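Step one of this worksheet: look at the structure below.
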Amino acid sequence: MSAARILVVDDEPGVRDMICDTLRLSGYEPFEASDGFQALKWLRENSVDLVITDINMPNMDGYELLERMRAIGDETPALMLTARGERGDVTRGLRLGADDYVTKPFGLEELMLRIAAILRRTMGAGGSGESADIICGPIVLNEDRHTVTLNGKPVDLSPTEFKLLYELMIKDGKVVTKATLLDVVWGMAFAANATVVDTYISYLRKKLHTDDFDGIKTVRGIGFQIVAQ
């Protein structure tokens, strides 16, 4: 399968270079645009598998770019970059058809994981367009179908529980900090709200832990991880 083609739209050359260099090292084929106007013009003549766009840009911002793309029937998946704490940015972007978002400043590892998740969901194995199952021990999660099974049996999760589990599972055993979970799952940026993470982790454990599996681990003072055992 050929490398996924990704258009990076940001008015900061340093940010574009950083993302594009990382994409190349990860096996993707990146392209660049300095604002939404340039990106839209480029997209009229070329196709990509994903658009990564900043929101705040001159000439044409990320909102208008996405709005114009969708208006002409361009359903290319989009990941938006937004300033930390601007929850309204996220809501508006998702309403316009964004597939996901990452808040600035962001870690490149998190960005690559989100890119991989979008491409897995939209390209799929053999271009089926359906996301692959994410598996960890006896747990199988499918984002498109919004299903979770434990040892083959369906598990009923609330939307927040599902999103929390998804964030743990896409990290593939890596530790996820409380601050990251607060930001991504709840849109909160303050450690004072960290107890909500512990509360929902306890909900997940009650629903997913069995005599043979207790894979949701606490890493004291840092955060949580899920391991297959």
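The single condition from (1) outside the structural domain of residue 30 (by TED's automatic domain parsing); (2) of a type in the set (D, E, K, R); (3) modelled with pLDDT under 85 that residue 198 fails is (3). Against the criterion of being free of Cβ contacts under 8 Å to residues at least 24 places away in the same chain and either exposed (fewer than 14 other Cβ atoms within 10 Å of the Cβ) or in contact with a helix residue (DSSP H, G or I) (Cβ under 8 Å, 6 or more places away or on another chain) (or both), residue 27 does not qualify.
For (1) in a helix (DSSP H, G or I); (2) under 23 Å from residue 223 (Cβ atoms); (3) of a type in the set (Gly, Ala, Ser); (4) in contact (Cβ under 8 Å) with a residue 24 or more places away in the chain, each residue gets a yes or a no:
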| residue | (1), (2), (3), (4) |
| --- | --- |
| 141 | no, yes, no, yes |
| 145 | no, no, no, no |
| 149 | no, no, no, no |
| 157 | no, yes, no, yes |
| 162 | yes, yes, no, no |
| 165 | yes, yes, no, yes |
| 169 | yes, yes, no, yes |
| 173 | no, yes, yes, yes |
| 180 | yes, yes, no, yes |
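The single condition among (1) buried (at least 20 other Cβ atoms within 10 Å of the Cβ); (2) modelled with pLDDT under 85; (3) more than 22 Å from residue 188 (Cα to Cα) that residue 129 does not meet is (1). Applying a threshold of 6 Å to beta carbon distances and a minimum spacing of six or more residues, or different chains, the list of pairs starting in segment 96-115 at a residue that is crowded, with 18+ Cβ neighbours inside 10 Å and assigned to a strand (DSSP E or B) and ending at one that is modelled with pLDDT of 80 or more and of a type in the set (S, T, N, Q) reads 101/82; 103/82. The one condition from (1) surrounded by fewer than 21 Cβ atoms within 10 Å (Cβ to Cβ); (2) modelled with pLDDT of 90 or more that residue 54 does not meet is (1).
The values are calculated or read from the model by the stated rules, or taken from the named source; none is laboratory data. All figures in this text were calculated on a predicted structure; none of them were measured in a lab. Cβ atoms come from the backbone with ideal geometry, glycine included; neighbour counts cover every protein chain shown.
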